[in-house]
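Student: Let me give you the structure first, and then I'll get to my questions.
The values are calculated or read from the model by the stated rules, or taken from the named source; none is laboratory data. On a predicted model such as this, the values are computed, not experimentally measured, just so you know. We place every Cβ from the backbone using ideal geometry, glycine too, and count neighbours over all the protein chains shown.
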Amino acid sequence: MEELKNLYLIGFMGAGKSTVAPKLAERLDMGWIDVDDRIESDAGFSIPEIFDYYGEEKFRGLEREAIRNVSKGEARVVAVGGGAPMDDKNWERMKETGLIIYLETGPQEIFNRIGTDKSRPLLAGLDNGEKMEKIRELLRRRHPRYSEADLHVKCNGTDPQKIVEDIADKITERMTGGKD
């Protein structure tokens, strides 16, 4: 049987990574970490403040450093920001040090979950129509990379505990030699 590695939860903002991570960690008796929380802790600023004061490029550098540091520790569930997988270095590091799990969510579900959330820098200052278009555009760009994940879980309208059980079942099957 294969040894459990880091489990990187990826997907678009609002896909449920931060909600699923602690539940999955509990289910699998692992620790967990949210990369965005780690960035905020290390930087001493919130994600929106980092974007406002320093820009997206600085944020992506902090994100790359956080993922590098997290990947070196013990095996745990890692909630990764929606844009992090687009960075080739992040992607390679996650592939080398764990399983990547794509929480797949459609644009309307994402909009329903985060449309009024003012803490999302990439959607700041947009009206509802513009937010929906930005969500669609970013999903179109990110989906090909997200689709390269080791495991996929559809999350539209799905209870977080059901998502946890789906992931746990897929991991168990994979570790015992079954197929995805």
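Student: Filter region 167-180 down to the residues that are assigned to a helix (DSSP H, G or I) and either among the small types (G, A, S) or modelled with pLDDT of 95 or more (or both), then identify the one that is nearest to F111 (Cα to Cα).
Tutor: Checked region 167-180; the qualifying residue nearest to F111 (Cα to Cα) is I167.
So that you can scan it fast, the table gives a plain yes or no per residue for (1) in contact with a Gly (Cβ under 8 Å, 6 or more places away or on another chain); (2) closer than 20 Å to L9 by Cα:
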residue	(1), (2)
D87	no, yes
E92	no, yes
L126	no, no
K134	no, no
E137	no, no
R142	yes, yes
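Student: Name the pairs: first residue in region 117-133 and over 19 Å from G55 (Cα atoms), second residue at pLDDT below 85 and surrounded by 13 or more Cβ atoms within 10 Å (Cβ to Cβ), Cβ to Cβ under 7 Å, at least 6 apart or on different chains?
Tutor: Note: pairs meeting the criteria are N128/G115; K131/G115.
Student: Would you please list the contacts, defined by Cβ atoms under 8 Å and residues six or more apart or on different chains, that run from a residue in region 31-52 that is over 20 Å from G125 (Cα atoms) to a residue that is aromatic (F, W, Y) and crowded, with 18+ Cβ neighbours inside 10 Å?
Tutor: Note: pairs meeting the criteria are I39/F59.
Student: Tell me yes or no: at least one residue of region 122-138 is closer than 22 Å to T19 by Cβ and out of contact with any helix residue (DSSP H, G or I) (no Cβ under 8 Å at 6 or more places or on another chain).
Tutor: No, region 122-138 has no match at all.
Student: Still on this structure, please answer the following. Take the conditions of a type in the set (D, E), in contact (Cβ under 8 Å) with a residue 40 or more places away in the chain and in contact with a helix residue (DSSP H, G or I) (Cβ under 8 Å, 6 or more places away or on another chain) and apply them to D150. Does it pass?
Tutor: Answer is yes for this residue.
Student: When region 6-45 is examined, which residues are found to be farther than 24 Å from P144 by Cβ and in a loop (DSSP other than H, G, I, E, B)?
Tutor: Hits for region 6-45 are D29, M30, G44, F45.
Student: If L123 meets every condition in (1) over 22 Å from I67 (Cβ atoms); (2) touching a Pro at 6+ places or on another chain (Cβ under 7 Å) apart from one, which number is that one?
Tutor: Status for L123: all satisfied but (2).
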